[in-house]
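**Student:** To start, I am sharing the structure in question, which I have written as structure tokens.
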Amino acid sequence: MEDNGKIKKMMIILSKATLENVYACFVLANGARMEGIQAEIFFTFFGLEAIHRKKLEHLHIATVGNPAMHMPTMLGGLPGMEALATSMMKKEMEKLDIPPVGEFIEILSASGVKLWACKLAMDMFHYKEEDLIEELDGVLTVGDFYKQGSGVGTHMLFI
Amino acid sequence: MEKLIIGRSIDVNEEGFMNQFSQWTREIGEALALENNISLSPRHWEVIDYIQKEYKNDSPLSIRKIGKSGVVDIKEFYELFPDAPLKTATKIAGIPKPVSCI
């Protein structure tokens, strides 16, 4: 196989806006660039919240329906529980030098990661381009996104 | 393993990172840069000097930290050392590969 199957480009689709998914996506994209691999992110459905100017700093981790939280589902649903778990996680992340969402987006953009919004999801949520971050590279259809990912050594990842 | 570069023998790991910073000289740095297709400019040297200073202070390096260094921003860092900038810059600087994921 050409280039021994080396990964040349990561096309990551982010469809969720729970903090742990957003960070997984951002760390993978940034990590790709750090290894000399190209990276592009397609924000679709709830993933759009991660690039929505007014929402991106208010994302939460999921305490309900998440068995790895090791807390009874009833407790996870109590008022303030998500905020508490989120602030605890944010403190731990700051210790590990993981930036907040807004700063992370700046880092990704400066590192050459392309940031795309999904046209269909934007129509569905009635978002306009000016609602989204200024680092946005554009609004794409699914077909456009596949075109972006063409070439040998491209991998696609759905989060 | 031993590696011969500009007529000197240096101790490197399997990825080509120097195991002993004490063996590093600016000439070796220049030769390592050329192996990575980089010709070092004064801007490159400012970044390498910063990276070595942080290493000597036992301060772990990350892309975020480079961006906040005041020496270079992340965009220029990627322009100076295209393709895996933190790995390439630390390799040229003669220090171990950073273990950071950020």
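**Student:** Going through the range A:94-119 one residue at a time, which ones are modelled with pLDDT of 95 or more, farther than 18 Å from B:Leu61 by Cβ and among the aliphatic types (A, V, I, L, M)?
**Tutor:** A:Ile105, A:Leu108, A:Val113, A:Leu115, A:Ala117
**Student:** Evaluate the range A:48-56: report whether one residue or more is over 22 Å from A:Leu28 (Cα atoms), touching a residue at least 40 places away in the same chain (Cβ under 8 Å) and out of contact with any strand residue (DSSP E or B) (no Cβ under 9 Å at 6 or more places or on another chain).
**Tutor:** yes
The rows are residues; the columns are (1) farther than 23 Å from A:Ile98 by Cα; (2) part of a helix (DSSP H, G or I); (3) within 10 Å of another protein chain (Cβ to nearest Cβ).
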{"position": "B:Glu27", "(1), (2), (3)": "yes, yes, no"}
{"position": "B:Leu40", "(1), (2), (3)": "yes, no, no"}
{"position": "B:Tyr50", "(1), (2), (3)": "no, yes, no"}
{"position": "B:Arg64", "(1), (2), (3)": "no, yes, yes"}
{"position": "B:Ser69", "(1), (2), (3)": "no, no, no"}
{"position": "B:Asp83", "(1), (2), (3)": "no, no, yes"}
{"position": "B:Leu86", "(1), (2), (3)": "no, yes, yes"}
{"position": "B:Ala89", "(1), (2), (3)": "no, yes, no"}
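**Student:** Another question about this same structure. Given the residues A:Ala24, A:Ala17, A:Ala29, A:Ala39, which is the only one that is at pLDDT 90 or above and in a loop (DSSP other than H, G, I, E, B)?
**Tutor:** A:Ala17
**Student:** I need the full set of residues from the range B:71-81 which are more than 10 Å from chain A (Cβ to nearest Cβ) and surrounded by fewer than 21 Cβ atoms within 10 Å (Cβ to Cβ), in order please.
**Tutor:** Hits for the range B:71-81 are B:Val71, B:Leu80.
**Student:** Turning to a different aspect of this structure: Would you check if there is a residue in the range A:130-152 being out of contact with any helix residue (DSSP H, G or I) (no Cβ under 9 Å at 6 or more places or on another chain), over 18 Å from A:Thr44 (Cα atoms) and either within 14 Å of chain B (Cβ to nearest Cβ) or not polar (S, T, N, Q) (or both)?
**Tutor:** Yes, that holds for at least one residue.
**Student:** Look at B:Leu32 and say whether it is away from chain A (no Cβ under 14 Å), over 10 Å from the mean Cα position of the chain (by Cα) and touching a residue at least 40 places away in the same chain (Cβ under 8 Å).
**Tutor:** It is false that B:Leu32 is away from chain A (no Cβ under 14 Å), over 10 Å from the mean Cα position of the chain (by Cα) and touching a residue at least 40 places away in the same chain (Cβ under 8 Å).
**Student:** Regarding the range B:48-58, can at least one residue be identified that is within 20 Å of A:Ser111 (Cα to Cα) and in contact with a Leu (Cβ under 8 Å, 6 or more places away or on another chain)?
**Tutor:** Within the range B:48-58, one or more residues are within 20 Å of A:Ser111 (Cα to Cα) and in contact with a Leu (Cβ under 8 Å, 6 or more places away or on another chain).
**Student:** Looking only at the range B:91-102, which residues are at the interface with another protein chain (Cβ under 7 Å from one of its Cβ atoms) and surrounded by fewer than 16 Cβ atoms within 10 Å (Cβ to Cβ)?
**Tutor:** B:Cys101
**Student:** Can you name every residue in the range B:6-39 that is over 18 Å from B:Tyr55 (Cβ atoms) and touching a strand residue (DSSP E or B) at 6+ places or on another chain (Cβ under 9 Å)?
**Tutor:** Across the range B:6-39, the qualifying residues are B:Ser9, B:Glu27, B:Ala31, B:Glu35.
**Student:** State which residue is nearest to A:Leu140 (Cα to Cα) when the search covers only the range A:89-126 and only residues that are in contact (Cβ under 8 Å) with a residue 12 or more places away in the chain and in a loop (DSSP other than H, G, I, E, B).
**Tutor:** The extreme case among them is A:Val113.
**Student:** Go through the range B:52-61 and give me each residue that's in a helix (DSSP H, G or I) and within 14 Å of chain A (Cβ to nearest Cβ).
**Tutor:** Selection gives B:Glu54 alone.
**Student:** Within the range B:37-74, how many residues are among the charged types (D, E, K, R) and touching a Gly at 6+ places or on another chain (Cβ under 8 Å)?
**Tutor:** Of the residues in the range B:37-74, 1 are among the charged types (D, E, K, R) and touching a Gly at 6+ places or on another chain (Cβ under 8 Å).
**Student:** Let me ask you something else. Determine if the range B:81-99 includes at least one residue that is more than 12 Å from the chain's Cα centre (by Cα) and of a type in the set (Gly, Ala, Ser).
**Tutor:** No: zero hits.
The values are calculated or read from the model by the stated rules, or taken from the named source; none is laboratory data. Owing to the predicted nature of the structure, the values given are computational and were not obtained by experimental measurement. Cβ sites come from the backbone with ideal geometry, for glycine too, and all protein chains shown count toward neighbours.
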